[in-house]
Amino acid sequence: MERPERTEVGFTTTDPLLSTGGDTPASATLAVVFSTLVAVSGSFVFGSAVGFSSPAQNGIIKDLDLSVAEYSVFGSIWTIGAMIGAVMSGKLADLFARRGAMGFSELFCLLGWLAIIFGKNALWLDIGRLLMGYGVGIISYVVPVYIAEITPKNLRGAFTTVNQLMICCGVSLMYVVGVIINWRLLAVIGAIPCIIQLLGLFFIPESPRWLAKAGQWKECEASLQRLRGKDANISEEAAEIKEYTETLQKLSEAKLIDLFHKKYAHSLIVGVGLMVLQQFGGVNAIAYYASSIFESAGFSGRIGSIAMVVVQIPMQVLGVLLMDKSGRRPLLMVSAAGTCLGCFLLGSSFLLQDLQLWKSSPFLALVGILVFTGSFSLGMGGIPWVIMSEIFPINVKGLAGSLVTVINWFGSWIVSYSFNFLMLWSSEGTFFIFSAVCGVTVMFVAKLVPETKGRTLEEIQSSFT
């Protein structure tokens, strides 16, 4: 197909940090960096919501005279909200555009935080947590998709992984600050990123790929020019987006049953498989119950939790730096192998403790959890979301993304709910099961997950069909 002549678009508010053109790898412009920072403010909200319940537990129970059962409802009800939000996330992102969906989700998160800040009883706290979960369920899908759709192909992996980095930062901030301040003030801190994103959304461009899907070609080119810089040659990228979108528009509107068509089978298996393996590898069991795991193994829960934070963020930063250098596949396999080793060491520590064969088994538990946490942060935490945002064609991305996100949240609920029962059955057996799942993940990636580094979204999606 003959490429159309470049359309000159003068609308831009930023210049590129480094000039681009032709086949030269694109550099990050101020527009891309700022748009990404605004988007991942939502990821920070996500992390803050995850990290809030643990440091706030004692204060809330004391101030509102809640039972442990009532607080357990407060801590877990947000997962239900997140699943509801995830079901609707793809449709909302297609209907209201990516920016609109982010703004919509943040309104619910903000209302949720306000209900917690001013709540006087368990009901208001539960309503707030449910609203927050609904907003986070939408955020967990739309943020990585938006970032993937605005960034150049050579930077897409690193920028999309910042989503997971900011989730880690949100969790860590809540853990650290929550030790020294009142839980209501902690909720105020959690609400601040909601306001930042709501205001920032007025100053960032819409996804050019969503605009193309909506038939807004002039706006698509204007958005792309703004993102790539006023002096960048966008003709080739714009033509590729237009050609691919026009091809997809010839197809009928996708329905849920269409996802199970043969041509989408590979991408669906990869997307769903990575999310299932991520969750059943034990991440949320360790994240939610780290203190009790440490104490069960005979180690200080407070020291162990701080050590996890110290390891987690640097490894997440390393993963961001390596994403577009090493590629997705190698980083995923190394990360999954590390989580396999971490769970094996943790299971071994409980086995040695039960058999009373080694007095230093608590130290082995610490090493196991730190190896798992560091390895997970390196790749398994963020890369499944990166790949999810890359592999589905635009005509089914909303439906497929919603399905994958719901499965992720459902897996999170299953693991977090069943973990205590599994530990009563067998502590070592629980972590040996997690280790086996992580080992299967290495083989799954090696056999089925393609490398997407350095390829446009259109090239990736075409290779799956």
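The values are calculated or read from the model by the stated rules, or taken from the named source; none is laboratory data. Because the structure is predicted, anything quoted here is derived from the model rather than measured. Quick reminder, even Gly has a Cβ in these numbers, built from the backbone with ideal geometry, and neighbours come from all protein chains shown. SASA here: full protein model, heavy atoms, side chains in, ligands and nucleic acids out. Shrake-Rupley method; radii C 1.70, N 1.55, O 1.52, S 1.80 Å.
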Which of the residues belonging to region 358-376 are polar (S, T, N, Q), farther than 12 Å from A290 by Cβ and modelled with pLDDT of 90 or more? S375
If you scan region 91-133, which residues turn out to be basic (K, R) and not in a helix (DSSP H, G or I)? K120
First in region 418-429 and closer than 17 Å to L345 by Cα, second anywhere and in a helix (DSSP H, G or I), Cβ under 6 Å, 6 or more apart: M423/T430; S427/F350; E428/G347; E428/F350; E428/L351
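Conditions (1) at pLDDT below 90; (2) within 23 Å of L403 (Cα to Cα), marked per residue:
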| residue | (1), (2) |
| --- | --- |
| F260 | yes, yes |
| V276 | no, yes |
| N284 | yes, yes |
| S305 | yes, no |
| M315 | no, no |
| L345 | no, no |
When residues of region 311-344 are filtered for being among the β-branched types (V, I, T) and more than 16 Å from the chain's Cα centre (by Cα), how many remain? 3
Condition (residue is under 22 Å from the mean Cα position of the chain (by Cα) and farther than 23 Å from Q164 by Cβ) applied to region 400-407: is it met by at least one residue? no
Could you please find all residues in region 62-82 being in a helix (DSSP H, G or I) and either open to solvent by 40 Å² or more (accessible area, probe 1.4 Å) or in the same structural domain as T405 (by the TED database) (or both)? K62, D63, V68, A69, E70, S72, V73, S76, I80
For region 399-419, indicate whether the set of residues that are open to solvent by less than 30 Å² (accessible area, probe 1.4 Å) and outside any helix (DSSP H, G or I) is non-empty. no
The one condition in (1) under 17 Å from the mean Cα position of the chain (by Cα); (2) open to solvent by 10 Å² or more (accessible area, probe 1.4 Å); (3) hydroxyl-bearing (S, T, Y) that T36 fails to fulfil: (2)
Checklist (1) farther than 22 Å from C168 by Cβ; (2) open to solvent by 10 Å² or more (accessible area, probe 1.4 Å); (3) in contact with a Leu (Cβ under 8 Å, 6 or more places away or on another chain) applied to P55, failing item: (1)
Please state which one of G327, G382 is at positive phi and either among the aliphatic types (A, V, I, L, M) or touching a residue at least 12 places away in the same chain (Cβ under 8 Å) (or both). G327
Output the number of residues of region 377-399 satisfying the condition of being over 10 Å from L274 (Cα atoms) and under 12 Å from the mean Cα position of the chain (by Cα). 6
